[in-house]
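Inspection log for the structure reproduced underneath, given as structure tokens.
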Amino acid sequence: MPSNTRPLLSPIFLCILALFLATAAPSVHAAEPADECAVLLHGLGRTASSMDPLEDALLAAGYATANIDYPSRKATIADLAEQVVPAGLRQCREQGARRIHFVTHSLGGILIRFYLTRQRMPELGRVVMLSPPSKGSEVADELHDNPVYRWINGPAGQQLGTGPEDLPNRLGPVDYPVGVITGDKGEIWDYWFSGIIPGKDDGKVSVERARLEGMSDFLVVHRSHTYIMKAPEVIRQVLYFLREGRFCHEDSCADISR
């Protein structure tokens, strides 16, 4: 074949290759500012990895996220709130978010409540709290002076009692959009805890003490305190509340899209 055919074939081949790569390769979305961001705050004695299924669903739904890992057993609620919430806000703002939501588990709900009694944020969107000890927990009452409990749960665990002087009951009602999801089923290892909690409970917090004055909506699911954040129906309801400002209580709720 004459050598002068190569310059003619190469541009054609390159154009075809470029067209194939453009249509076959997955698109990569980077460096675009996120309009909405969700800060995830895990519970007492847990880590950010416990919120990974929720974070994955939020990312898939188009939210930017800030899944904050913090030493929940090492400090008081006040100190944790002043460290943890600003860290989440900073990460969301760095991603360009103009609206910032919060999704919390257990102690995480108390942290955001504490922070918002002292600070206001113009970007605040909606808050979903999973199994929050909104009015404290009888478990904290019963084990307050137990040295093993004190060692495991640290200073914050000592502040989660049900008395009027305990911190959850000194925070007052909320005046921003909050949806609360709690469970009514404990795990097998929660048997003793459930025995000291009046009424239905999730193994750590009673259904009634999860309720929060001023909340926008409330939902009870057949899940435990330990794993509520991983339940598919709970994740769907979190996304629904962030979008609609309420939970789905209709018969069609099982079909809620993530």
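The values are calculated or read from the model by the stated rules, or taken from the named source; none is laboratory data. Bear in mind that the values here come from a model prediction, so they are computed numbers and not experimental data. Glycine gets a Cβ as well: all are built from the backbone with ideal geometry, and neighbour counts include every protein chain shown.
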Test: residue in the range 117-135 that is assigned to a helix (DSSP H, G or I) and of a type outside the set (Asp, Glu): no
Any hit, the range 223-236, residues being over 24 Å from Ala48 (Cα atoms) and aliphatic (A, V, I, L, M): no
In the range 116-130, the residues that are farther than 17 Å from Arg90 by Cα and over 15 Å from the mean Cα position of the chain (by Cα): Thr117, Arg118
Residue list for the range 75-93, filter: among the small types (Gly, Ala, Ser) and either at pLDDT below 95 or not in a helix (DSSP H, G or I) (or both): Ala75
Positions within the range 58-74 being without any contact (Cβ under 8 Å) to a residue 40 or more places away in the chain and not in a loop (DSSP other than H, G, I, E, B), in sequence order: Leu59, Ala64, Thr65, Ala66, Asn67, Ile68
Which listed residue is more than 30 Å from Pro122 (Cα to Cα) and over 22 Å from the mean Cα position of the chain (by Cα), from Asp166, Asp145: Asp145
Looking only at the range 215-258, and only at residues there that are part of a helix (DSSP H, G or I) and modelled with pLDDT under 95, the one that is surrounded by the most Cβ atoms within 10 Å (Cβ to Cβ): Cys253
Residue count for the range 62-82, restricted to those that are closer than 22 Å to Ser131 by Cβ and either surrounded by fewer than 17 Cβ atoms within 10 Å (Cβ to Cβ) or not hydroxyl-bearing (Ser, Thr, Tyr) (or both): 13
Criterion (in contact (Cβ under 8 Å) with a residue 60 or more places away in the chain, under 15 Å from Ala81 (Cα atoms), among the aliphatic types (A, V, I, L, M) and touching a helix residue (DSSP H, G or I) at 6+ places or on another chain (Cβ under 7 Å)) met by exactly one of Ile181, Ile110, Ile100: Ile110
Single match in Asp175, Asp190 (criterion: in a helix (DSSP H, G or I) and in contact (Cβ under 8 Å) with a residue 24 or more places away in the chain): Asp190
Among residues of the range 193-210, those that are assigned to a loop (DSSP other than H, G, I, E, B), free of Cβ contacts under 8 Å to residues at least 60 places away in the same chain and in contact with a Lys or Arg (Cβ under 8 Å, 6 or more places away or on another chain), counted: 1
Conditions (1) at negative phi; (2) in a loop (DSSP other than H, G, I, E, B); (3) buried (at least 16 other Cβ atoms within 10 Å of the Cβ): number failed by Ala156: (2)
Residue that is farthest from Gly136 (Cα to Cα) [pool: residues in the range 94-110 that are hydrophobic (A, V, I, L, M, F, W, C) and not in a strand (DSSP E or B)]: Ala97
